[in-house]
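Report on the structure given below.
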Amino acid sequence: VNDQITAHFFEHEFCESEVAARLGRPIIPDSAQSANIARLCLTVLEPIRMQLGRPMIITSGYRPPWLNAAVGGADDSAHLDGRAADVKVVGMTPATFARWIQMRKFPVDQVIEEFGQWVHIAIADGRPRGEFLVASMAGGRKSYSPMV
Ligand SMILES: [Zn+2]
C-alpha cells in the first residue's frame, strides 16, 4: 500500500504506537481521521519540514480512544481525530524546535513543548488559535504555561 501523503510523510507514521503494539491492537483511522492526518501534513508538517531541512520523527499521531486513555491523553485531545502529532527533530531540542515554529507563520492551532521531550503540533477544527504552550510536571500534575 502506498500511503504517502507528502514528500516526507506517510500515513502509517501516524498510526504506530509501542503501547498499541504491546496491547496487540491495530490503529486504523476512518476516512475523516485520515483526511485530518493529510491536512496536518499538507498545511503544517510538510511546510515545517521543508523550511527546517531536518528529519522529523512522529512519536504519536492518531489515537483511538482506547490508546489515548492508555497513554494518559486529554479527553478532548486533537490526537483523537487525527489533528495532532508529537514530533521530535533530529539534532534539535524540543524547546528550540517549538521556538523555531513560533517565529514563523504556520497555520497551527496549538504547539506545546512537552516536558522537554517532544513537541505537540495540532491543527484546528475551525479557526486556528496559534497558541504556544510549555507543559511541565509539578507535583505529579501536568501544568501549562505560555511559551515566551
Ligand atoms: Zn500530543
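The values are calculated or read from the model by the stated rules, or taken from the named source; none is laboratory data. Source: prediction; values computed, not measured. For neighbour counting, all protein chains shown are included, and Cβ atoms are generated from backbone atoms with ideal geometry for every residue, glycine included. For the accessible areas, the whole protein counts, side chains as well, though only heavy atoms, and no ligand, DNA or RNA atoms are used. Shrake-Rupley method; radii C 1.70, N 1.55, O 1.52, S 1.80 Å.
Scanning region 95-105 for residues that are open to solvent by less than 70 Å² (accessible area, probe 1.4 Å) and hydrophobic (A, V, I, L, M, F, W, C) turns up 95, 97, 98, 100, 101. Put simply, of 80, 45 the only residue that is surrounded by 15 or more Cβ atoms within 10 Å (Cβ to Cβ), free of Cβ contacts under 8 Å to residues at least 24 places away in the same chain and within 14 Å of the ligand (Cβ to nearest atom) is 80. Against the test of being aliphatic (A, V, I, L, M), in a loop (DSSP other than H, G, I, E, B), within 10 Å of the ligand (Cβ to nearest atom) and over 16 Å from residue 14 (Cβ atoms), the options 135, 124, 74 yield a single qualifying residue, 74. Exactly one of (1) among the β-branched types (Val, Ile, Thr); (2) modelled with pLDDT under 95; (3) in contact with a Ser or Thr (Cβ under 6 Å, 6 or more places away or on another chain) is unmet by residue 134. Its number? With respect to (1) among the β-branched types (Val, Ile, Thr); (2) modelled with pLDDT under 95; (3) in contact with a Ser or Thr (Cβ under 6 Å, 6 or more places away or on another chain), residue 134 is out only on (2).
Those residues that are within 12 Å of the ligand (Cβ to nearest atom) and not in a loop (DSSP other than H, G, I, E, B), I need them from region 89-121; list them, please. Listed by number, the residues that qualify are 94, 110, 111, 112, 113, 114, 118, 119, 120, 121. Is it fair to say residue 86 is buried (at least 19 other Cβ atoms within 10 Å of the Cβ) and out of contact with any helix residue (DSSP H, G or I) (no Cβ under 6 Å at 6 or more places or on another chain)? Considered against the rule, which asks whether it is buried (at least 19 other Cβ atoms within 10 Å of the Cβ) and out of contact with any helix residue (DSSP H, G or I) (no Cβ under 6 Å at 6 or more places or on another chain), residue 86 comes out as yes.
Consider residue 4 carefully, then state whether it is more than 19 Å from residue 134 (Cα to Cα), free of Cβ contacts under 8 Å to residues at least 12 places away in the same chain and not charged (D, E, K, R). Yes; evaluated as a whole, the condition is true for this residue. If you go through region 115-130 and keep only what is over 14 Å from the mean Cα position of the chain (by Cα) and surrounded by 12 or more Cβ atoms within 10 Å (Cβ to Cβ), you end up with 115, 128, 130.
Within region 56-66, identify whether any single residue is open to solvent by 40 Å² or more (accessible area, probe 1.4 Å), of a type in the set (D, E, K, R) and either assigned to a helix (DSSP H, G or I) or within 14 Å of the ligand (Cβ to nearest atom) (or both), and answer yes or no. No; the residues of region 56-66 include none that is open to solvent by 40 Å² or more (accessible area, probe 1.4 Å), of a type in the set (D, E, K, R) and either assigned to a helix (DSSP H, G or I) or within 14 Å of the ligand (Cβ to nearest atom) (or both).
Quick one: would you say residue 92 is open to solvent by less than 60 Å² (accessible area, probe 1.4 Å), aliphatic (A, V, I, L, M) and over 14 Å from the mean Cα position of the chain (by Cα)? Yes; evaluated as a whole, the condition is true for this residue.
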